[in-house]
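One structure coming up, written as structure tokens, with questions to follow.
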Amino acid sequence: MRVSGYAQGEVDLAATESTAVEGTARPARVAETSGANLRARQRRREYALFAAFVAPNVVLLAVFSYWPVIYNGYLSLTSWDLLSPTKPFVGFANYADMFSDPDFIAVLWRTLWFSGAIVVVSMAAGLAIAMLLNQRLFGRNLVRTSAFAPHILSGAAIGTIWLFIFDPSYGLLKAVIEPIGLTSPAWMTDSAWALPGLIIVYLWKNIGFVAVVYLAGLQNMPRDLYEAAKIDGAGSWVLFWRITFPLLSPVTFFVAITTVIGTFQAFDIIAIMTNGGPGDATTTLSWYVYQQAFQALDAGHAGAGAIVMFVLLLFITGAQARIMERRVHYR
Amino acid sequence: MSMIVSERQHWVVRAALYVALLIVALIALVPLYWLFTSSITPSGEIFQFQWFPVHLEFNNYPEAWAAGPIARLYINSVLVTVVGAVLQISVAVLSSYAFAYLRFPAKNVVFMAFLGAMMVPGAVVLLPNYLTIATMGWVNTYAGIILPGVGSVFAMFLLRQHMMSLPAEVIEAAKVDGASHLRILWSVVLPMSRPMVVTVVIIALVEKWNDFIWPLVVTFTDQMRTLPVWLLTLKNTEGFTNWGAVMAATAFIVVPPLVVFFFAQRQIIAGLTQGATKG
């Protein structure tokens, strides 16, 4: 009996324990699970809220930025005049056609030349101007503002102003060039001068922007590095190539990317100044795509041109990112 | 390299620097000066080059105004610009708040997908977007001009960067007080982000005012054009022969952004150069 009593007591104990457990621990577990539930519910609510907040932007970007890339890919495999109800599938014929056409190859080289010239000159001139504006000179803020101003103007307006400046008989440039003893070229109506002319206009719009970006980079430079290098007896040439330029490489990267994308998109200035001409002397890739789509009504070639442009840009910016990475490692 | 300036520069060096400074300013400003002086030069004198207009003539402006439905074009441009910018920044504010403060699985992947949209250039989206808008029946309407430009990456990115720099305690305190996220966004985060919001709004306004290729493609009547597109129409129909009036027409387009830039240059420059130093 004792045993059983004991056992009973034990059972009782266990019973009381279990009631005790029932009394306190169960609600605690309930609280725990409901706490977990609550947290899960909260998390789900937050996810839903996130989705709701980004939804307008996601939908718009999907429809107007990503879908066009996919749809261009499809259009580039068809031959369609934008009007007929069917889009006959032609495979890669449009691409084959374009890459065997010397005119299109010329468009590609022209685009790279236009973009490359503007990137190189605006970075060199922009950095030089930034270093000038970084000196303690009277009136430098005024000059900074003036140099930046062209960047915010409409490309169509800039094109119009420069068309007048380039005017071979009445233009401002003639008045500047002729006293030096040079003759003013016909600029926009001369196929040899039209593209250089456009490059000049684009540089006018872009250099001030590049300079101001570089200036921001220069002003963020750590001074102690310079002090240390100067104590080591480094001259300003060495300081520039060993310290300033490498430290500015993120800025250079940013400027190169934005300028490449900007020049690949250049359209308004070309539309106003040359219409892609004379002949096709100023037909860059973006003008080619526009022309194929809205003047030749050739969706296949427009789509293929757009895809070539997209891939080329991805490739160029990817390459720039690689170079940039190596710079940082080197540093 | 202002660090090196601490040693005193030779006066010849300083003089050369000032000359360079002057040249930079002249190159930037002379074309604009030429625009405004040409626009007030009488048409008989515009073909003789002169640095300073001898006779002032303000008739070019009424003449340019009469050359097209400018009042209507102005309304179009202002409407498309303001509505477009407000919608774009609203969309940007909502998504930047989500990226800065709300949890979501693989949020960074979503974010990278957003940034990727910056790599899609305007010429690539042109034809498909035209077809999309045509399917919606919105060609030659305000909605058609505005809608494709409402999605936002750059403004969203700048706003998110700014929001992430705000002190977390303030947002936590608002949460403890039981404020909803919309409430926190509206009465805590937005007021604290005002400088950045002003910056992105101004940049959006300037960009939309200057937008050219999309309004050109999606509109086809003079009544629906915007000001920059009308310049092209003017050139194609009448040719740029009456330069005084053409320059006056250009001034109509250039003056609003210049005025905005004059008052808000600090914000504009800070915003447009942010990507470089804080990217």
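Just so you know, all these numbers are worked out from the coordinates, no wet-lab data involved. What you are looking at is a predicted structure, and each value in this text was computed from that prediction instead of being measured. Cβ atoms come from the backbone with ideal geometry, glycine included; neighbour counts cover every protein chain shown.
Through the Karplus equation 6.51 cos²θ - 1.76 cosθ + 1.60, θ set to phi - 60°, convert the phi angles of region B:163-178 into ³J(HN,Hα) values in whole Hz; use x for Gly and Pro.
4, 5, 8, 6, x, 5, 4, 4, 5, 4, 4, 5, 5, 4, 5, x
Then there is this: With viscosity set to 1.002 mPa s at 20 °C, what whole-number translational diffusion coefficient in µm²/s follows for region A:146-271 from Stokes-Einstein and a Kirkwood radius over Cα pairs?
It diffuses with D of about 124 µm²/s by this estimate.
A follow-up question, please. Other chains' Cβ within 10 Å of A:167-173 residues: what's the mean?
Across the residues of A:167-173, the mean count of other-chain Cβ atoms within 10 Å is 3.
Using Cβ counts within 10 Å as a stand-in for footprinting exposure, how do A:TRP241, A:TRP80, A:TRP287 rank, fewest first?
Taking fewest neighbouring Cβ atoms as first place, the list is A:TRP241, A:TRP80, A:TRP287.
Further question on the same structure: When the gyration tensor of region A:208-331 is built from Cα positions, what are the square roots of 5 times its three eigenvalues, in whole Å, from largest to smallest?
Taking √(5λ) for each eigenvalue gives 42, 16, 10 Å, largest first.
Could you give me D for chain B, from Stokes-Einstein at 25 °C and 0.890 mPa s, where the hydrodynamic radius is the Kirkwood radius over C-alpha pairs? Units µm² s⁻¹, please.
The calculation lands on 110 µm²/s.
Still on this model: Let me see the pair-distance distribution of region B:127-279: every alpha carbon pair, 10 Å bin width, integer percents in order.
Values per bin, smallest distances first: 9, 26, 27, 23, 10, 3, 1.
Lysines within cross-link reach of B:LYS235: Cα-Cα under 25 Å, excluding same-chain residues under 8 positions apart?
B:LYS235 reaches A:LYS174, A:LYS205, B:LYS208.
Scan around B:ILE40 for amide H atoms under 5 Å from its own, H built in the peptide plane at 1.01 Å from N, and keep only partners 5 or more places away or cross-chain.
Those qualifying (amide H under 5 Å, at least 5 residues apart or on another chain) number zero.
I'm a student and want to see the number: the projected area of the Cα convex hull of the protein assembly as shown, averaged over all directions, in nm².
Quarter of the Cα hull surface area: 41.9 nm².
Follow-up. So who's got an amide H within less than 5 Å of the one on B:SER152, skipping anything under 5 residues away but keeping other chains? H placed 1.01 Å off N, in plane.
Excluding prolines and chain starts, which carry no amide H, there are no hits.
If amide H atoms are built 1.01 Å from N in the plane of the peptide, which residues on other chains or at least 5 residues away come under 5 Å of the amide H of A:THR78?
A:VAL90
Considering only DSSP states other than H, G, I, E and B, which trypsin sites (Lys or Arg not before Pro) in region B:56-107 qualify as loop sites with at most 16 other Cβ atoms within 10 Å?
B:ARG103
Then there's this: Could you tell me which chymotrypsin sites (Phe, Trp or Tyr not before Pro) in region B:166-259 are loop residues by DSSP with no more than 11 other beta carbons within 10 angstrom of their beta carbon?
B:PHE220
While we're on this one: Spelling out what I want: for every residue of region B:89-100, take phi, set θ = phi - 60°, compute 6.51 cos²θ - 1.76 cosθ + 1.60 (Karplus), and round to whole Hz; glycine and proline get x.
Per residue, the Karplus-derived 3J(HN,Hα) values read 6, 4, 4, 5, 5, 4, 6, 5, 4, 4, 5, 7 Hz.
Just need log10 I(q)/I(0) for region A:93-330 at q = 0.16, 0.18 Å⁻¹, Debye formula, equal scatterers on the alpha-carbon atoms, no solvent, rounded to two decimals.
The Cα Debye sum returns log10 ratios of -1.18, -1.33.
Using θ = phi - 60° and the Karplus curve 6.51 cos²θ - 1.76 cosθ + 1.60, what whole-Hz ³J(HN,Hα) does each residue of region A:305-321 get, with Gly and Pro shown as x?
For region A:305-321, the Karplus curve yields x, 5, 5, 4, 4, 4, 5, 4, 5, 4, 4, 5, 5, x, 4, 4, 4 Hz.
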